[in-house]
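To start, the structure under review is shown below, and the notes come after it.
The values are calculated or read from the model by the stated rules, or taken from the named source; none is laboratory data. Every value quoted in this text rests on a predicted model; they were computed, and no experiment measured them. Glycine gets a Cβ as well: all are built from the backbone with ideal geometry, and neighbour counts include every protein chain shown.
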Amino acid sequence: MEATIPVLILAMPLLMFLFLGLFGKFLSPRVSGIIGTAGMGVVLLMCYYTAYVYFFSGSPEFINAEGNRLQAIICNVDWLQFTDNLIIRLGFLLDPISAMMLVVISTISFMVHLYSNGYMRDHHGVYERGFQRFYAFLALFSFSMLGLVVATNIFQMYIFWELVGASSYLLIGFYFTKPSAVAASKKAFIVTRFADLGFLIGILVLSYYTGTFNFTDMTSVPVAGMNDVYAVSAETATGVFNIFQSKAAAGFMGCSVMTWALVLIFMGGMGKSAMMPLHIWLPDAMEGPTPVSALIHAATMVVAGVYLVARLFPLFLVNAEFGGYALDVVTWVGAITAAYAAMVACTQLDIKRVLAFSTISQIAFMMVSLGVSREEFHNLGYMASMFHLFTHAMFKALLFLGAGALIHAVGSNDYTDMHGLRKHMPITHITFLIGCLSIAGIIPFSGFFSKDEILSSCFGNSIFAYVWMSAVAALTAFYMFRLYFLIFWWKEHKVHEGHHAPKDQPWTMTLPLIILAVVATLCGLIPFGNYVTWDGHPYDFMAHFNWTIAGISLAVAVIAILVAARMYKTENPLPAKMRQAMPRLWDWCRNRFYFDELYMFITHKIIFDKICRPIAWFDRHIIDGTMDGLATITNKASYAIRGLQSGNTQNYVWVYLIGALALGGVTVAVIFLFC
Amino acid sequence: MNFEFEWNSIMFLIPSLFMFCCGVYGFLTRRNMIAILISLELMLNAVDMNFVVFNRFLYPGQLDGMFFTLFAIAIAAAETAIAIAIIINAFRISRDIDVKDLSKMKF
Amino acid sequence: MLFSNILIYFVVIPLLMLGGLALCRNIKQIRAVAVVGSTILTGLSVYLLVDYLGLRAAGESAPMLYCDSWTWFRDLNINLSVGVDGVSIAMLLLSSIILFTGSFASWKIEQPKAFFLWLVLLSTGVFGFFISVDLFTMFMFYEVALIPMYLLIGVWGSGNKNYSAMKLTLMLMGGSAFLMIGLIGIYYQSNAPEHTWDLLKIAEYGVNADWQNFLFVVTFVGFGVLGAMFPFHTWSPDGHASAPTAVSMLHAGVLMKLGGYGCFRVSMYLMPEAANELAWIFLILTGISVVYGAFSACVQTDLKYINAYSSVSHCGLVLFAILMLNTTAMTGAVMQMLSHGLMTALFFALIGMIYGRTHTRDIREMGGLMRIMPYLSVCYVIAGMASLGLPGLSGFVAEMTIFVGSFQEADTFHRVFTIVACCSIVITAVYILRVVGKLLFGPVQDEHHRQLTDATWWERLSTATLIVCVAAIGCFPNFFANLIKFTFDGAIFRAIGLN
């Protein structure tokens, strides 16, 4: 494939960022909105074209004679050379998951660009301050995210990983005069930075032992070879061989370096994907404008962690094969987070926070799915994870954009200010319902298929995982429909005096909703296994389809929805009773299990008060005190002896005279005594 | 009475020593700058005398000491002129030439 | 012929500038001299860079190019010897850019004539230091660069300026006392057939093995004081806090690099065996510097103190990387010097500009400046991002080169300290974002600040130049890495088996 279009995919958003960032203030908001949207539209077309060429052109570059999809490096430029082998290159890697991610990112990004034209104005059509800046940041984010998914080496990924973090920081803090937004952006950056520290060290360890940064060298598409499926092509296998060899040689605290490297890298993924206990930034990140939440904190950036694990999946598999724990860590973190986030989501007031916890929970589903993909199920789990990533991006973006429309119409984030909106905002209502059905996993909406595959692969791994995740899926259906009923039903909407009744928003906002609703309904029917599998072999999911599991999960979801309907469809005392029945649990869930307080305690009470302040004090008083003390002693000493330097010649002569006489006396005495 | 009077270096050195001691004493005890200057001159002249005496009695054929003395006298004259200029200036500034009181430039 | 060598112009032009400044009658002429002179210097260093790369591409393999030597004091073998390699060219480039931007940053300084005279004298010392390969002239220029600092801070400074000026000068002089012992020791203890001050000759023949350890420690401490190595860093917060803008820029941007450069050029380059043996001592100290400075910066409330502690942390990383004794880490060290020089100059320029408007540097008394002075605030955010290592800006490439390089040392000791140093990226993010959040974002703290104006054209020029340079290094790091790397691939390091 020619490199022109792939390069343009990255260059366009970057140029747009520079253009809008530098010259945005000379443009009117409308023009910059149009430029931004149009530019993203072009990127969307180019991404679709690239993905189309990758999946359907059948070129030998992308698919071999046996029908396996290959990794293809479209272009690769040396960016920074460390040593002979360790070179950061900037390039464009096409393989099933990166092509899929290109589609996801460009679609959601375009929808968000379009949607923001309507969202970022008030009801009178006046553009918000900093509208151009908003589009510039969106372009920066799109650039970074696209660069992340097409990374050819782990360091390129890290570079763009940091860049998405920064653009997320800028976008969360878009309303920078609001202290809560500033605090949220800071928190998001620092928490993910902390996770990135793990990622960085992981990269250092991994690259040291493999001697390469390149993904293709570490995880080539398998051909027949050693140990069946885990083999890598012999020519490029040095990386993995190195890890095999060093597996036994170097270890640290009972785990092989490989396990350490992968777990540390996964830590980076945990930060970005808001896995417990590094999830605390994501709910707060909802301070950003809602389109941003849809784009960054629901559909694309937060799945970067999943993408990272998927990208290094062969290494994780090799690790598991050799008895490493990396994949178990992924599973456990995912499973715990999924349950935690689902429980918390049941009690939140702010609709964006409910969605945020739902995102955390769903991403945890993807993680679990990757974690359980072992033995004969590695194809299914991996594929299910990627499939869920895809469908989740669509329906969660839909839900967020719908929530944005609601917030824009009502002017508040709390469902207590909404209630009964179904008549006022029919389009939003229907699209939101589709989103909820999809996430709850009702056939034939997309979420059903992807979630069912995840549960199947859990079932294949262990019955415990299956039951656990099914319970979480039931909770998912419950809290989503709780939200749905509380927003659109519960009781009639009360319009306050002097306010307009909420109504559907302009076409720039409803059109993306409709498009995404259609996509969210239909994309479950894509034969995903034909396109995206970890080893490039097409995988026919339907052949392995387990109707029992599907039936059970469907039944569970329907029951959960019915329970939610019973509790929240009309105003009734049941929710309050439930709350009183288990007050402790409710409190913990409502307060997110006090994680924020815990972090507050650690950062402020321990790090700031017990480390930073003492160090600063030590510096000012001990180190600086020593230096000042030296100066003071010198000063004191010279003051003490300065009396000798009286400036009075007569004193000097006296001293001189006495000295001379004494010296003379001594000389004479010596002569008399010893000669 | 054939009392031959012979010049002896001691005869010159003792007055010179006396002069020097007077100078030292004056230098140490007087507070008036003019008096200090006079004491200084006394010391200088005592030393000059010694030069001449030693030259005459120890190396009669040479003139080094004489020259040295002449130089010293010339320099002493210059130095006295400067000193008196300083003293006059000091007097103009502080209306006083007592060294105890002229401590403005101390430290 | 003295004037046929391009390098000598790096000293001649500042001297001419001094003469020109002495003749100036009004502020316009002074500005003109400063701007023209620093522009010529910048142009010259860019030309030198291009020419140097051309020569290297043509296959020149001598360790230093443009070498020349003029006898100065025959009895003591003191020569005025010049010569440069990639590292010194990088430093010359840095110095000239910072002098250029510094001239713009002190556009409205009081008593401009005297100020610029001292500033240019300081730069003379700096440029002279970077071009010399003769230990004695190097030391002389080093002193020339240090002394004017006293007056610049003492006269034009702010706050507790007498104390700070005195402290800074005395501590740095203390450092140079160590240094002088070291340099004279090297002069007498080199294995060269006759006593010489010439770096290249000493490097060729080596230094007496019995004396190396002592001389290494002494010179490293001497330069380390200037490089703000723990525990000799305390001049930095006070000195920077009191210094006027351009002086802070030059001092943090260039003078602190003299320390790192000297450590490499004298301590490591001449005494590699001792370096190999004793690096661990200083590795501990610099490792402490890195996190210690960062932690201290977290709780400061004065903008300049924050930045000064941040400099301690970043310059600690420079020395840390030099001590790793491998090509990658050392390349990273020089890139960090470049990066930190530009970035911190940008920081100090911005702080000076903000201080000039708000008349306070206490972050608790300011807030919401983004609305009031958007240009300066955006620049501040960019500087902050460079400091916390955002890819695309210079901090990232430098730090990553250092970390990757350091991690190549496989024993536990180096590993542990590398990971400790890595932690600084998180702490840096904490204090940078804390400042950005308090200072620029949020509601306006002081209503009087609403009347303040945004940057003037000279301030814009000064900051924009620095940002462009920071971004250039961040976007095209390989160019700079290759420029620097050649020095470390040199025969001297290979000879003793240090990769």
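Give the residues of the stretch A:159-174 that are touching a Pro at 6+ places or on another chain (Cβ under 8 Å) and either among the β-branched types (Val, Ile, Thr) or within 10 Å of chain C (Cβ to nearest Cβ) (or both), sorted by residue number. Answer for the stretch A:159-174, where residues must be touching a Pro at 6+ places or on another chain (Cβ under 8 Å) and either among the β-branched types (Val, Ile, Thr) or within 10 Å of chain C (Cβ to nearest Cβ) (or both): A:Ile159, A:Phe160, A:Glu162, A:Leu163. Taking the criterion of being surrounded by fewer than 17 Cβ atoms within 10 Å (Cβ to Cβ) and not β-branched (Val, Ile, Thr), the residues of the stretch A:463-480 that qualify are A:Phe464, A:Ala471. Inclusion of A:Asn591 among residues that are over 30 Å from C:Val291 (Cα atoms), within 14 Å of chain C (Cβ to nearest Cβ) and among the polar types (S, T, N, Q) is not warranted.
In the stretch C:234-253, the residues that are more than 12 Å from chain A (Cβ to nearest Cβ) and closer than 18 Å to C:Gly356 by Cβ form Cβ pairs under 9 Å with partners that are of a type in the set (Asp, Glu) and not in a helix (DSSP H, G or I), at six or more places apart or across chains, as follows: C:Ala241/C:Asp302.
If you filter the stretch C:5-51 down to residues that are small (Gly, Ala, Ser) and free of Cβ contacts under 8 Å to residues at least 24 places away in the same chain, you find that the one that is farthest from C:Leu65 (Cα to Cα) is C:Ala32.
Residues are listed down the side, and each one gets a yes or a no for (1) surrounded by 24 or more Cβ atoms within 10 Å (Cβ to Cβ); (2) among the small types (Gly, Ala, Ser):
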{"position": "C:Leu346", "(1), (2)": "yes, no"}
{"position": "C:Ala349", "(1), (2)": "yes, yes"}
{"position": "C:Arg361", "(1), (2)": "no, no"}
{"position": "C:Arg364", "(1), (2)": "no, no"}
{"position": "C:Tyr375", "(1), (2)": "no, no"}
{"position": "C:Met385", "(1), (2)": "yes, no"}
{"position": "C:Leu388", "(1), (2)": "yes, no"}
{"position": "C:Thr401", "(1), (2)": "yes, no"}
{"position": "C:Phe407", "(1), (2)": "yes, no"}
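Only a single criterion out of (1) closer than 21 Å to A:His621 by Cβ; (2) assigned to a helix (DSSP H, G or I); (3) within 14 Å of chain A (Cβ to nearest Cβ) is not satisfied by C:Gln300, namely (2).
Consider C:Thr465 carefully, then state whether it is under 20 Å from the mean Cα position of the chain (by Cα) and either part of a loop (DSSP other than H, G, I, E, B) or over 15 Å from C:Ser394 (Cα atoms) (or both). So C:Thr465 fails the test. In the stretch C:410-421, which residues are at the interface with chain A (Cβ under 10 Å from one of its Cβ atoms) and either buried (at least 22 other Cβ atoms within 10 Å of the Cβ) or part of a loop (DSSP other than H, G, I, E, B) (or both)? Those that are at the interface with chain A (Cβ under 10 Å from one of its Cβ atoms) and either buried (at least 22 other Cβ atoms within 10 Å of the Cβ) or part of a loop (DSSP other than H, G, I, E, B) (or both): C:Ala410, C:Thr418. Within the stretch C:369-409, the residues that satisfy the criterion of being among the hydrophobic types (A, V, I, L, M, F, W, C), facing chain A (nearest Cβ under 9 Å) and not in a helix (DSSP H, G or I) are C:Leu388, C:Leu390. Look through the stretch A:633-675, keep the residues that are closer than 29 Å to B:Tyr25 by Cα and among the hydroxyl-bearing types (Ser, Thr, Tyr), and return whichever of them is farthest from the other protein chains (Cβ to nearest Cβ). Restricting to residues being closer than 29 Å to B:Tyr25 by Cα and among the hydroxyl-bearing types (Ser, Thr, Tyr), the top hit is A:Thr667.
Among residues of the stretch A:175-223 being more than 9 Å from chain C (Cβ to nearest Cβ), surrounded by fewer than 22 Cβ atoms within 10 Å (Cβ to Cβ) and modelled with pLDDT of 85 or more, the one that is nearest to A:Met258 (Cα to Cα) is A:Gly198. If the condition is being free of Cβ contacts under 8 Å to residues at least 40 places away in the same chain and of a type in the set (A, V, I, L, M, F, W, C), then the stretch A:165-181 contributes A:Ala166, A:Leu170, A:Phe176.
Among all residues of the stretch A:555-574, there is none that is under 21 Å from A:Phe459 (Cβ atoms), among the hydroxyl-bearing types (Ser, Thr, Tyr) and surrounded by 20 or more Cβ atoms within 10 Å (Cβ to Cβ).
Scanning the stretch C:455-483 for residues that are of a type in the set (Val, Ile, Thr) and either at pLDDT below 85 or more than 28 Å from A:Val77 (Cβ to Cβ) (or both) yields C:Thr456, C:Thr463. Here C:Leu250 does not qualify as surrounded by 24 or more Cβ atoms within 10 Å (Cβ to Cβ), at pLDDT 90 or above and under 16 Å from C:Gly341 (Cα atoms).
In the stretch B:84-101, the residues that are touching a residue at least 40 places away in the same chain (Cβ under 8 Å) form Cβ pairs under 7 Å with partners that are assigned to a helix (DSSP H, G or I) and of a type in the set (Phe, Trp, Tyr), at six or more places apart or across chains, as follows: B:Ile97/B:Phe91.
Residues checked against (1) touching a Gly at 6+ places or on another chain (Cβ under 9 Å); (2) within 14 Å of another protein chain (Cβ to nearest Cβ):
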residue: B:Phe3; (1), (2): no, no
residue: B:Glu6; (1), (2): no, no
residue: B:Met11; (1), (2): no, no
residue: B:Met19; (1), (2): no, no
residue: B:Gly23; (1), (2): no, yes
residue: B:Ser39; (1), (2): yes, yes
residue: B:Ala46; (1), (2): yes, no
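Of all residue pairs spaced 6 or more apart or on separate chains, those with beta-carbon atoms under 8 Å, a first member in the stretch C:156-176 that is more than 12 Å from chain A (Cβ to nearest Cβ) and within 21 Å of C:Ala246 (Cβ to Cβ) and a second member that is β-branched (Val, Ile, Thr) and assigned to a loop (DSSP other than H, G, I, E, B) are C:Trp156/C:Ile109.
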